[in-house]
Amino acid sequence: MTKILNSGFNRRDFIKTSTGAGLYVAASGYGSTFSDYALQRPVRIGFVGVGGRGMGILKVALTIEGVEIPVICDIVEERVARAQNLVQDAGQPKPKGYTGPEDYKKIAELNNLDAIYTATPIELHTPIMLAALRGGKYGGTEMPACTEYDQAWELVEASEKAGKPCMLMENYVYMRNVKMVLVMAQLGMFGALTHCECGYQHDARYAGFGPGGKLLWRALGGQTNNNPYPTHAIGPIAQWLNINRGNRFEYLVSMSSRAVGQNYYANKKFGPDNPAAKMKYAAGDVNTSLIQTHDGITITLYYDTKNPRPQDWIYRIQGTKGIYSGTLNKIYLEDISPKPDQWEPIDKYQEKYEHPLWKKYGLVAESSGHGGGDYLCFRDFVQAIRNQVQTPIDVYDTVTWSIITKLTEESVANKSRPVDFPDYTRGKWQTRKPATIDEI
Ligand SMILES: NC(=O)c1ccc[n+]([C@@H]2O[C@H](COP(=O)([O-])OP(=O)(O)OC[C@H]3O[C@@H](n4cnc5c(N)ncnc54)[C@H](O)[C@@H]3O)[C@@H](O)[C@H]2O)c1
């Protein structure tokens with residue numbers, strides 16, 4: 001079984017009643033029942049939204065043994081047809097196609113599905129996940145899962161009530177060195193942790209504009225001044241720091257720079273008279289936030305996608321015994337690294353500290369997108385469904401990481417005043433246990 005990473009609840013949390021029904025015990029935070037047997041048949045997943053991302057993940061899903069795709073949904077008919085062909089080419093029956101904007105509600109009620117995965121525009125993630133959970137399905141969503149406080153609470157309540165997980169399909173936490181640093185952090189190699197730094201930083205201006213400068217939903221979504229896409233950056237850090245499992249994000253402060261990058265880009269690409277070149281953008285080009293955790297660890301979180309720049313997720317972890325820098329992909333461990341105060345390559349630690357998932361599936365994963373994260377993330381989702389257990393990224397993680405969008409918006413709008421993180425675990429973070437090494 002895939003280990004239930006950092007979840008604090010796994011197969012040990014299942015107890016059998018005299019009737020044979022599986023009962024999810026209190027440690028999980030769920031009071032309701034999961035099936036007590038692993039699925040003996042294929043894992044059946046419906047896809048909602050098969051644009052760029054959905055199609056990419058569909059290809060990944062079709063490489064995982066025992067996965068069936070009985071349903072495809074998108075409001076663009078040709079995309080449904082293209083995805084249906086892909087599934088048939090993989091030797092599966094033609095999936096039923098749906099094209100209505102609210103057909104996800106019908107799909108959520110189908111009996112021949114175990115889960116719904118969605119890669120739709122952001123504002124649809126919460127309604128689609130709520131429908132899935134309420135229909136008794138596992139939910140897997142692209143990011144962020146929600147952008148409003150009440151949406152986050154609705155997701156938590158729906159997941160708890162249904163006893164079905166809602167997993168943010170956060171592929172970046174599955175990257176090789178992110179996972180290796182997690183193992184090393186869990187083993188105490190960096191000592192007592194003090195600071196982390198991360199960022200979603202790459203030139204994504206191309207994704208905001210269509211032909212002729214037409215604003216696409218990504219650019220339109222940028223009309224709020226915040227960090228609109230925090231989870232690729234914060235996900236790995238949250239796992240390194242055992243957030244929601246003995247530690248929690250307490251509050252953040254956030255500040256945005258001025259907004260000039262998109263005007264500059266649209267002017268250069270489409271000419272000075274194009275509306276995209278002249279419009280006023282609310283979202284600052286670079287958003288910078290500071291997060292304080294309950295344990296007193298600080299985190300710097302960047303969002304920087306509107307200026308030309310090479311990609312850099314930063315992924316720095318700092319403690320009393322050492323530091324790793326994802327920017328340099330180097331490490332320094334006091335009393336272990338060969339030269340005082342000098343970086344060394346992290347690769348030499350791979351043999352000893354490689355994450356079990358990478359040891360097992362690394363060769364296959366490497367060929368998938370986002371540094372292998374796409375494959376391993378989807379595989380973990382499938383494994384949780386197959387074993388009818390909690391997903392490694394649970395609903396509390398899903399909403400805690402996602403809601404940063406809202407918190408940063410509030411802080412930016414109020415001269416960077418501190419904004420508290422809601423405790424979506426309702427206090428359970430204090431008793432939920434960090435993963436042990438054999439669980440990660
Ligand atoms: N995890 C990653 O690395 C990663 C990478 C790219 C995109 N994403 C995320 O994936 C999501 C989709 O991004 P994308 O680039 O594929 O966008 P996209 O525009 O290419 O695809 C979105 C699809 O959703 C469809 N859609 C819209 N409304 C719908 C509805 N009511 N019902 C069904 N389908 C509907 C659209 O027709 C389109 O095909 C976004 O949330 C994005 O943030 C994640």
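The values are calculated or read from the model by the stated rules, or taken from the named source; none is laboratory data. Everything numeric in this text was worked out from a predicted model, so none of it was measured. We place every Cβ from the backbone using ideal geometry, glycine too, and count neighbours over all the protein chains shown. Only protein heavy atoms, including side chains, enter the accessible area calculation; ligands, DNA and RNA are left aside. Shrake-Rupley method; radii C 1.70, N 1.55, O 1.52, S 1.80 Å.
Would you grab the residues whose amide H sits under 5 Å from the one on VAL260? Only those 5+ places off in sequence or on another chain, please, with H modelled 1.01 Å from N.
Sorted by chain and number, the residues that satisfy this are ASP285.
Peptides 55-67, 227-239: what's the order by average Cβ count within 10 Å, highest mean first?
Details: 55-67: 17.9, 227-239: 26.4.
Most protected by this proxy first, the peptides run 227-239, 55-67.
Based on the Cβ-Cβ distance of ALA38 and THR63, what FRET efficiency does E = 1/(1 + (r/R0)^6) give at R0 = 25 Å, to the nearest 0.05? Before the final figure, lay out the partial values.
Values: r = 21 Å, r/R0 = 0.83.
According to the calculation, E is roughly 0.75.
Give or take rounding to whole Å, what are the principal axis extents of the alpha carbon atoms in the chain, in descending order?
Largest first, the chain extends 60, 59, 41 Å along its Cα principal axes.
Quick one: which residues, 5 or more positions from VAL71 or on another chain, have an amide H under 5 Å from its amide H? H modelled 1.01 Å from N in the peptide plane, none for Pro or chain starts.
PHE47, LYS96
Of the peptides 45-52, 420-427, 153-160, how do they stack up when ordered by the mean number of other Cβ atoms within 10 Å, highest first? Walk me through the numbers before you get to the answer.
Working: 45-52: 22.5, 420-427: 16.4, 153-160: 20.8.
Most protected by this proxy first, the peptides run 45-52, 153-160, 420-427.
Rounded to a whole number, what % of the accessible area of the chain do carbon and sulfur atoms account for, probe 1.4 Å?
52
Rounded to whole Hz and in sequence order, give me ³J(HN,Hα) for region 133-148 from the Karplus expression 6.51 cos²θ - 1.76 cosθ + 1.60, θ = phi - 60°, writing x for Gly and Pro.
Computed from phi, the couplings for region 133-148 are 5, 5, x, x, 10, 5, x, x, 10, 6, 9, x, 6, 7, 10, 10 Hz.
All other residues with a Cβ under 11 Å from the Cβ of GLY246 taken together, and with Lys, Arg as +1 and Asp, Glu as -1, what is their net charge?
Details: positive: ARG245, ARG248, LYS428, ARG432, LYS433; negative: ASP295.
Local charge sum for GLY246: +4.
Please list, in chain and number order, the residues 5+ apart from THR327 or on another chain whose amide H is under 5 Å from its amide H, with Hs placed from the backbone.
Hits under the 5 Å cutoff: ILE314.
Can you work out ³J(HN,Hα) from phi for every residue in region 174-184, in order, using Karplus 6.51 cos²θ - 1.76 cosθ + 1.60 and θ = phi - 60°, giving whole Hz and x for Gly and Pro?
These are the phi-based 3J(HN,Hα) values: 9, 5, 3, 6, 4, 5, 5, 5, 4, 4, 5 Hz.
Within region 318-349, name every residue whose backbone N is under 15 Å away from a label modeled 7 Å from Cα of THR194 along the Cβ vector.
Of the residues in region 318-349, 318-324, 332-335, 341 have backbone N under 15 Å from the label point off THR194.
Report, for the chain, the % of DSSP beta bridges that are antiparallel, rounded to 5.
Numbers: 33 of 60 bridges.
If we restrict to bridges inside the chain, about 55 percent are antiparallel.
Using the Karplus curve 6.51 cos²θ - 1.76 cosθ + 1.60 with θ = phi - 60°, work out ³J(HN,Hα) for each residue of region 415-421 in order, rounded to whole Hz, and write x for Gly and Pro.
Whole-Hz 3J(HN,Hα) from phi for region 415-421: 6, 6, 5, x, 10, 6, 6.
Note down, for region 163-276, the three equivalent ellipsoid semi-axes (square root of 5 times each alpha carbon gyration tensor eigenvalue), biggest first, whole angstrom. Each step should come with its number before you reach the end.
Details: eigenvalues 263, 47, 40 Å².
Taking √(5λ) for each eigenvalue gives 36, 15, 14 Å, largest first.
Considering only the other residues whose Cβ falls under 13 Å of the Cβ of SER256, what net charge follows from Lys and Arg at +1 and Asp and Glu at -1?
Values: positive: ARG258, LYS306, LYS415; negative: ASP285, ASP304, GLU409, GLU410.
Once positives and negatives cancel, what remains is -1.
Filter the cross-link list LYS96/LYS164; LYS280/LYS415; LYS359/LYS428 down to pairs whose alpha-carbon distance in this structure exceeds 29 Å. The partial results should precede the final answer.
Details: LYS96/LYS164 24 Å; LYS280/LYS415 20 Å; LYS359/LYS428 32 Å.
The pairs that break the limit, which is 29 Å between Cα atoms, are LYS359/LYS428.
Using a 1.4 Å probe, what is the accessible area per residue for the chain, in Å²? Don't skip to the answer; put the middle values down first.
Values: 18200 Å² over 440 residues.
That works out to 41 Å² for each residue.
Once fully extended, how much extra length lies between ALA90 and LYS330, figured as 0.36 nm per residue of separation less the alpha-carbon to alpha-carbon distance? Intermediate results must be reported in sequence, preceding the final value.
Values: separation 240, 0.36 × 240 = 86.40 nm, distance 4.06 nm.
The span from ALA90 to LYS330 would gain 82.3 nm if fully extended.
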